[in-house]
1. Across the stretch 242-263, what is the total count of residues that are surrounded by 15 or more Cβ atoms within 10 Å (Cβ to Cβ) and farther than 15 Å from residue 189 by Cβ?
2. Any idea how many residues of the stretch 186-195 are surrounded by fewer than 20 Cβ atoms within 10 Å (Cβ to Cβ) and either among the hydrophobic types (A, V, I, L, M, F, W, C) or farther than 20 Å from residue 148 by Cβ (or both)?
3. Regarding the stretch 196-212, can at least one residue be identified that is buried (at least 20 other Cβ atoms within 10 Å of the Cβ), more than 15 Å from the chain's Cα centre (by Cα) and within 11 Å of ligand 1 (Cβ to nearest atom)?
4. Criterion first (part of a strand (DSSP E or B), closer than 18 Å to residue 140 by Cα and touching a strand residue (DSSP E or B) at 6+ places or on another chain (Cβ under 9 Å)) does residue 13 satisfy it?
5. Looking for something buried (at least 22 other Cβ atoms within 10 Å of the Cβ), modelled with pLDDT of 95 or more and more than 17 Å from the chain's Cα centre (by Cα) - is there at least one such residue anywhere in the stretch 17-35?
6. Search the stretch 143-157 for residues being free of Cβ contacts under 8 Å to residues at least 60 places away in the same chain and more than 14 Å from the chain's Cα centre (by Cα), and hand back the single one that is nearest to ligand 1 (Cβ to nearest atom).
7. Tell me which residues, restricted to the stretch 201-225, are within 13 Å of ligand 2 (Cβ to nearest atom), part of a helix (DSSP H, G or I), more than 13 Å from residue 25 (Cβ to Cβ) and in contact (Cβ under 8 Å) with a residue 24 or more places away in the chain.
8. Listed residues 140, 167, 163; which is charged (D, E, K, R) and assigned to a strand (DSSP E or B)?
Amino acid sequence: MILDLFRLDGKVALVTGATHGIGMAIATALAEAGAKIVVNDISPEALERGKAAYAEKGIEMHAYLFDVTDEKAVEAGVAQIEEEVGPIGILVNNAGIIKRVPMQDMEVKDYRQVIDIDLVGPFIMGKYVGKRMIERREGKIINICSMMSELGRNDVCAYASAKGGLKMLTRNMATEWAKYGIQTNGIGPGYFATSQTAPIRVDGHPFNEFIINRTPAARWGDPEDLGGTAVFLASKASDFVNGHVVYVDGGILATIGKPSNEE
Ligand code: NAP
Ligand code: GCO
């Protein structure tokens, strides 16, 4: 049955930084498709809160404390997860930050921090989880990209640099690892209602109006809008899909936009 291709029973999915927001929505969808859920974070408090939030959904969240930019901690964390939970069959590189600062005012250390978390982090995670997937000759990797993997915008130069790089890292992982039975793809969310966008989403904020007008679907994305694409890319249904970024953006990338006075 074709729908059986989308089942994830018996799979272990590690979703980085998924104690809330987009990561939690993706992890929840993977759990509903049958996967065991593992989440890492840099904050013990966030992991505790996350564990409780997953439990309220009837999902057991296996929590691990490590920073995706800390190579030694990632190596140890991945080994511990595989020992305690099982072989990681699905890796979702979700953890990420953004800093909104005009380029001329951005400190180099801040630029570097965004690149470190949003691009080097997925590389490190890919390196240590990928090694094990290569040994097993199977695996699914999903990198969470962005509109900024394709478009620039004022004040997010570091983030756009990282997310543009992440699109190409996705293609390179696909290129190098497809022969080992590993499929690597990206999800490129449009503008979603999470804590990351809260500052630019408040009612009356010019950016909020802008996004409603710039998005053909005329709304902010709900993180649950990403679940189906995540399950597809994590499942056997996508075994011959490699190196693509699936944009879940309400149509933003399809259009030049329209004047604010047009329907
Ligand atoms: P969010 O609410 O800020 O969640 C980001 C998560 O990453 C947080 O749980 C955070 O942990 C964790 N994190 C940060 N640095 C980390 C590190 N070094 N190691 C481990 N975990 C770390 O953001 P979101 O909106 O859900 O976004 C999730 C992903 O989607 C990000 O990659 C973001 O760039 C991307 N994205 C978001 C949108 C959107 O419109 N919201 C659109 C496109 C792409 P703490 O809470 O403990 O800091
Ligand atoms: C911003 C937003 C975006 C979204 C997302 C769009 O300030 O422009 O935070 O970057 O997070 O990445 O796809």
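The values are calculated or read from the model by the stated rules, or taken from the named source; none is laboratory data. These numbers come from a predicted model, not from an experiment. Note: ideal-geometry Cβ built from the backbone for every residue, glycine included; neighbour counts use all protein chains shown.
1. 2
2. Our first condition is that a residue be surrounded by fewer than 20 Cβ atoms within 10 Å (Cβ to Cβ); within the stretch 186-195, this holds for 193-195.
Of the ones still in play, those that are also either among the hydrophobic types (A, V, I, L, M, F, W, C) or farther than 20 Å from residue 148 by Cβ (or both) are 193.
Adding up the residues that qualify gives 1.
3. The answer is yes; a qualifying residue exists.
4. yes
5. No, the stretch 17-35 contains no residue that is buried (at least 22 other Cβ atoms within 10 Å of the Cβ), modelled with pLDDT of 95 or more and more than 17 Å from the chain's Cα centre (by Cα).
6. Per the stated criteria, the residue is 156.
7. Result: 214, single match.
8. After ruling out the rest, the residue left standing is 140.
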